[in-house]
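Peer 1: To start, I am sharing the structure in question, which I have written as structure tokens.
The values are calculated or read from the model by the stated rules, or taken from the named source; none is laboratory data. Computed from a predicted structure; not experimentally measured. Neighbour counts run over all protein chains shown; Cβ positions are idealised from the backbone, glycine included.
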Amino acid sequence: MQKIMSKLRLINPNSPLTTITLPDVITKITMGRRGLFMPVNLAICAAVTPPGWEIEIVDECIQEQGHSPRADVDVVAIGAMTTQAKRAYELADAYRKLGVKVIMGGIHPSALPEEALEHCDAVCLGDAEGTFPNALNDIAAGNELKRIYNWRDYPEAPIVTPRKDLLNPKDYLVYNPIQTSRGCPHNCTFCTTPAVFGRKYRQRSIPSIVDEMKAAQETGSNFFIFSDDNFAGNHRWALELCEKIKPLNIKWASQCDILISNNDQLLAAMRASGCQGLIIGLESPNPKTLTEAHKNYVKAESYIQRIKKIQSHDISLWGSFIFGFDNDTWDTCRATVRFAQRAGLVMSCYPILTPYPGTAIFEEYRKQGRLLTEDWEKYNGATVVFQPKQLTTQQLAKAQMAAFCDFYHPASAFARLKLLPLKKNSWLANLAIYWGFYYYYQRHKQGRPLPTFRMDA
Ligand code: B12
Ligand code: SF4
């Protein structure tokens, strides 16, 4: 039997209370699940932890009461998106006061390592696979921890299979996410993926993906979300993956860029391997906005034709748009929602433009004095944290809500989804989201009417 060397606690800090992730709203729209997405990042950290460590994962996002730091472990490792950073630092400070060593990683500490180092002993930059075991080995060997473990120093470390056995699938709506690749070859100026990880597209070994799926099938899972940045960053590899997973007879969904519409062979292989739907970052149907966002690998004028092509393969589309670019007005935001309805998207989302640290627009807005706050908790896509150009902050916030409420209104759902052929899951998701907004306005906004673009700004 392996001797226990030390105790390790991995923590997913609470996300701030934003509209879409308010715990009571989540519980309502997910019919009882406590969280949306299993924290795969920590399950990966657990998977690369060297033998001999006793591991516990604490997911604050599914807890009613926050986690209370206790000095009953030797090391705490905390992951954070930007919106989780404030809570992550509170936990890190509290653990350090108790004399526990703290390691931080994830997208925010990777973007701002110097800031994170004010609260922890070491930062793992980028992917955990190479960095995290080395940090733990240094602790186990009694070596001094380096301040920074940089993933670029471990280029050979492969993407591993996460230890999902340490989490309870019943806690999550998406209880079986699978990461097949990381990164994106594009360079949109608002996106943290190329800003923090560069543009190198990293693929996981196909046999390890297939094995992870087979193991999940044994526990009754047959629907998978591929939680990639861009499933189609390498068409040849994606085609091979589809061919290998086809015999598993599964259903899956993922996100990718719209250039997939160029490749009929890949689209057909995706559908044949069980692809039901794709989330595509469209940002805006306005060509000026795409230019502003440096999303120059595609022309907005070609969107409808590309969307129709993907839909013709019987793959449903979820469009992701962003509100708040300098070109945006109340009217362009309304036009975006009307576009999403006209395009027959089954789902869509409208986050508020957020200048995440590390991105080009963060630097640009900071130089222009347009950042209204650096309270990271507010960097959640549901709060206006910069001064928009053609809208007030209130108008921008209202446009986001009007977009969700108009798009998911049952009449809009009926026009997009029709009754036949019955898209049961899309209907359920649309009604659940509309119900979530209705509940939110009743419960948290004193019963005020839902915003709509039929009103003026
Ligand atoms: C699933 C997902 C979610 C899930 C939950 C994620 C979770 N479990 O916490 C949900 C749907 C809830 C979500 C919400 C949001 N998300 Co999100 N999400 C993702 C997505 C698609 C996959 C995350 C994932 O599981 N990745 C797989 C893991 C393995 O990758 P990873 O987290 O990067 O982890 C690796 C490294 O970063 C590192 N690492 C990570 N943590 C740690 C910890 C330690 C200790 C160490 C050593 C290393 C380490 O090692 C890991 C393995 O190599 C990513 C995009 C992506 N592909 O990563 C966006 C992403 C993380 N989300 C993002 C954003 C912006 C949001 C929202 C703010 C969006 C919005 N407007 O609503 C909200 C936040 C809402 C809120 N109130 O909190 C951004 C983060 C930007 C930023 N700077 O914070 C991302 C990167 C997408 C993007 N390109 O912009 N999201
Ligand atoms: S295509 Fe998507 S993932 Fe890639 S850089 Fe642009 S926004 Fe980011």
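Peer 1: Identify all residues within region 215-264 that are part of a helix (DSSP H, G or I), buried (at least 20 other Cβ atoms within 10 Å of the Cβ) and among the polar types (S, T, N, Q); write none if there are none.
Peer 2: Correct list: Ser261 only.
Peer 1: Still on this structure, I have one more. If a residue has to be in contact with a His (Cβ under 9 Å, 6 or more places away or on another chain) and either farther than 17 Å from Cys124 by Cβ or within 16 Å of ligand 2 (Cβ to nearest atom) (or both) to count, how many in region 79-101 make the cut?
Peer 2: Total meeting the criteria: 5.
Peer 1: Identify the residue in region 84-102 that is in contact (Cβ under 8 Å) with a residue 40 or more places away in the chain and buried (at least 24 other Cβ atoms within 10 Å of the Cβ) and, among all such residues, is nearest to ligand 1 (Cβ to nearest atom).
Peer 2: Gln84
Peer 1: So which residues in region 425-457 are in a helix (DSSP H, G or I) and closer than 15 Å to Lys398 by Cβ, if there are any at all?
Peer 2: Phe437, Tyr440, Tyr441
Peer 1: Assess whether Gly324 counts as being of a type in the set (Gly, Ala, Ser), under 21 Å from Asp456 (Cα atoms), buried (at least 22 other Cβ atoms within 10 Å of the Cβ) and at pLDDT 95 or above.
Peer 2: Considered against the rule, which asks whether it is of a type in the set (Gly, Ala, Ser), under 21 Å from Asp456 (Cα atoms), buried (at least 22 other Cβ atoms within 10 Å of the Cβ) and at pLDDT 95 or above, Gly324 comes out as yes.
Peer 1: Yes or no: Ile310 under 22 Å from Leu417 (Cβ atoms) and in contact with a strand residue (DSSP E or B) (Cβ under 9 Å, 6 or more places away or on another chain)?
Peer 2: It is true that Ile310 is under 22 Å from Leu417 (Cβ atoms) and in contact with a strand residue (DSSP E or B) (Cβ under 9 Å, 6 or more places away or on another chain).
Peer 1: State whether the residues of region 240-248 include one that is at pLDDT below 95, away from ligand 2 (no atom under 16 Å from the Cβ) and not hydrophobic (A, V, I, L, M, F, W, C). First the steps, then the outcome.
Peer 2: The first filter runs over region 240-248 and keeps only residues at pLDDT below 95, leaving none.
No, region 240-248 contains no residue that is at pLDDT below 95, away from ligand 2 (no atom under 16 Å from the Cβ) and not hydrophobic (A, V, I, L, M, F, W, C).
Peer 1: Sticking with this one: What number of residues within region 172-228 are closer than 15 Å to Ala238 by Cβ, touching a Leu at 6+ places or on another chain (Cβ under 9 Å) and in contact (Cβ under 8 Å) with a residue 60 or more places away in the chain?
Peer 2: 1
Peer 1: Here's a follow-up. In region 66-103, how many are more than 20 Å from Phe37 (Cα to Cα) and either in a strand (DSSP E or B) or of a type in the set (Val, Ile, Thr) (or both)?
Peer 2: 7
Peer 1: Check whether at least one residue in region 197-214 is assigned by TED's automatic domain parsing to the domain that holds Leu428, surrounded by 20 or more Cβ atoms within 10 Å (Cβ to Cβ), within 19 Å of Gly319 (Cα to Cα) and within 14 Å of ligand 2 (Cβ to nearest atom), and report yes or no.
Peer 2: no
Peer 1: Restricting to region 259-288, and then to whatever is aliphatic (A, V, I, L, M) and out of contact with any Leu (no Cβ under 7 Å at 6 or more places or on another chain), can you tell me which residue is farthest from Asp326 (Cα to Cα)?
Peer 2: Step by step, filter region 259-288, then rank; the result is Ala272.
Peer 1: When region 214-230 is examined, which residues are found to be within 9 Å of ligand 1 (Cβ to nearest atom) and not small (Gly, Ala, Ser)?
Peer 2: Keep residues of region 214-230 that are within 9 Å of ligand 1 (Cβ to nearest atom), which gives 225, 227-230.
Scanning region 214-230 gives Ile225, Asp228, Asp229, Asn230.
Peer 1: Being assigned by TED's automatic domain parsing to the domain that holds Arg271, more than 22 Å from the chain's Cα centre (by Cα) and not hydrophobic (A, V, I, L, M, F, W, C) is true for just one of Asn187, Asn168, Asn234, Asn249. Which residue is that? Let's see the steps before the verdict.
Peer 2: Values: Asn187 fails: more than 22 Å from the chain's Cα centre (by Cα); Asn168 fails: more than 22 Å from the chain's Cα centre (by Cα); Asn234 fails: more than 22 Å from the chain's Cα centre (by Cα).
Answer to the selection: Asn249.
Peer 1: Taking the condition of being farther than 19 Å from Val40 by Cβ, surrounded by 17 or more Cβ atoms within 10 Å (Cβ to Cβ) and among the acidic types (Asp, Glu), how many residues in region 127-141 meet it?
Peer 2: Final tally of qualifying residues: 0.
Peer 1: Of the residues Leu117, Leu136, Leu125, only one is more than 11 Å from ligand 1 (Cβ to nearest atom) and outside the structural domain of Gly358 (by TED's automatic domain parsing); which?
Peer 2: The unique qualifying residue is Leu117.
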